[in-house]
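**Q** Handing you this structure, nothing more for now.
Bear in mind these aren't lab numbers, they're just calculated from the coordinates by the rules spelled out. Being a predicted model, the structure only gives us computed values, none of them experimental. Note that each Cβ is placed from the backbone with ideal geometry, even for glycine, and that neighbours are counted across all protein chains shown.
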Amino acid sequence: MLKMELNRIRNRPIFWILILAGLIYALIPVVNTWPKGVSDDFYVFYPRSAFVSWMYFIGDTYMVYSLTFPLLASLAYSDAYAEDFNTGLIKSVLTKVEKGKYLTIRYFVNFMIGGLVAVFPLIINFIGEMAAYPLIENNYYFGMPLVIQGSFWPELFYNHPILYILLRLFILFLFGGMLASIGLAVSTFVKNRYIVLIVPFLLVLGIDVLSSAIGNLSLSLLFLGNVETTWEIPVILFVGIFGSFVWYYTVGGRNETI
């Protein structure tokens, strides 16, 4: 069944549209900041590097990317269960595959695809910035104070910047997978595919508005911003991922499909 899922994703036009959108997000900042008319010697005393030119830290494109992050995560595959249910394909699949296996594989594939599509622009952008700038060692006192006290793990950024990049990507991958999973869970009782796909976006938007109203950090800023956090990220991820799986598996298992 896993092979079937991967083939379906490959043949979904929306998946390739999202990949194209991710490439546009990633490459516009690279083109805009690409160094022009400089020699190798120019970098000896030049503080700019791929770490500080990363789209995560600078550029207007990141604002648009942050806003559409939930859509990138959910549009790729979150409506697959609703699609199977509405077309009757699920009946054919469940004659060959145990329902529990079907639900588990669908959840896993949706989570992975949602997370990967969501972080794809940041990965490509960092690779592009590495092509433009050398990996100069980060120095807080040499024009690179992007991650300061009160930001997300500044010690890690200045001492082990590659690990910092990988950690941020991993967290955003989990966040994207969580949002995709919430959409999938919603599809167990809402069979309108368009509603399923928009729910993660509306959920993040609603929580952001509510958080701003009561003076707390918004969900978008917590995950997509450069702010200091402690217990919030792991707790939200655990509740969102575990809760969406239990919801999806329980309700999906009770649905009469054959």
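**Q** Would you mind ranking Ile198, Ile58 so that the residue whose beta carbon has the fewest other beta carbons within 10 Å leads the list?
**A** Taking fewest neighbouring Cβ atoms as first place, the list is Ile58, Ile198.
**Q** Then there is this: Taking the chain as a Gaussian network, where each spring joins two C-alpha atoms under 10 Å apart, which residue of Gly243, Gly176, Gly150 fluctuates the most?
**A** Between Gly243, Gly176, Gly150, it is Gly150 that shows the largest mean-square fluctuation.
**Q** Nearest 10 degrees, 0 to 90: what angle lies between the long axis of helix 161-186 and the longest principal axis of the chain (Cα atoms)?
**A** Here the helix axis deviates by roughly 20 degrees.
**Q** How many nm is it between the label spots at Leu221 and Val235, if each spot is 7 Å from the Cα in line with the beta carbon?
**A** 1.8
**Q** Enumerate by residue number the trypsin sites (Lys or Arg not before Pro) in the range 143-201 meeting two conditions: DSSP loop (anything except H, G, I, E, B), and at most 10 other Cβ atoms within 10 Å of the site's Cβ.
**A** Answer by residue number: there is no such site.
**Q** Which residue, Val186, Val235, Val117, has the most motion in a Gaussian network model of the chain that connects Cα atoms within less than 10 Å?
**A** In this elastic network of the chain, the residue with the biggest mean-square fluctuation among Val186, Val235, Val117 is Val235.
**Q** Also, I was wondering about something else. Within 10 Å, at most 14 other Cβ atoms, and a DSSP state outside H, G, I, E, B define an exposed site. Report the longest part of the chain free of exposed GluC sites (Glu not before Pro).
**A** Result, exposed sites excluded: 1-97.
**Q** Take Ser212, Ser66 and order them by how many other Cβ atoms sit within 10 Å, fewest up front.
**A** Ranked by crowding around the Cβ, least crowded first: Ser212, Ser66.
**Q** Still on this structure, please answer the following. Starting from the range 81-136, pick out the trypsin sites (Lys or Arg not before Pro) whose DSSP state is loop and whose Cβ has at most 12 other Cβ atoms within 10 Å.
**A** Counting only loop positions with at most 12 other Cβ atoms within 10 Å, the trypsin sites (Lys or Arg not before Pro) in the range 81-136 are Lys96.
**Q** On a 0 to 90° scale, report how tilted helix 99-132 is relative to the longest principal axis of the chain, with both axes built from alpha carbons and the result rounded to the nearest 10.
**A** Taking the Cα atoms of the chain, the angle to 99-132 is about 20 degrees.
**Q** Sticking with this structure for a sec: Could you check the simple spin-label distance between Arg8 and Asn86, using points 7 Å along Cα→Cβ, in nm with one decimal?
**A** Roughly 1.4 nm, to one decimal.
**Q** Using only Cα atoms, locate the centre of the range 74-129 and the centre of the range 9-24, then give the distance between them in Å, rounded to an integer.
**A** Computed from Cα coordinates, the inter-centre distance equals 13 Å.
**Q** Going by how many other Cβ atoms sit within 10 Å of their own, how do Trp34, Trp54 line up, fewest first?
**A** Values: Trp34 13, Trp54 22.
Ascending Cβ contact count within 10 Å gives the list Trp34, Trp54.
**Q** Report the charge-dipole magnitude of the chain in Debye, nearest 20, computed about the Cα centre from +1 at each Lys and Arg Cβ and -1 at each Asp and Glu Cβ.
**A** 1120
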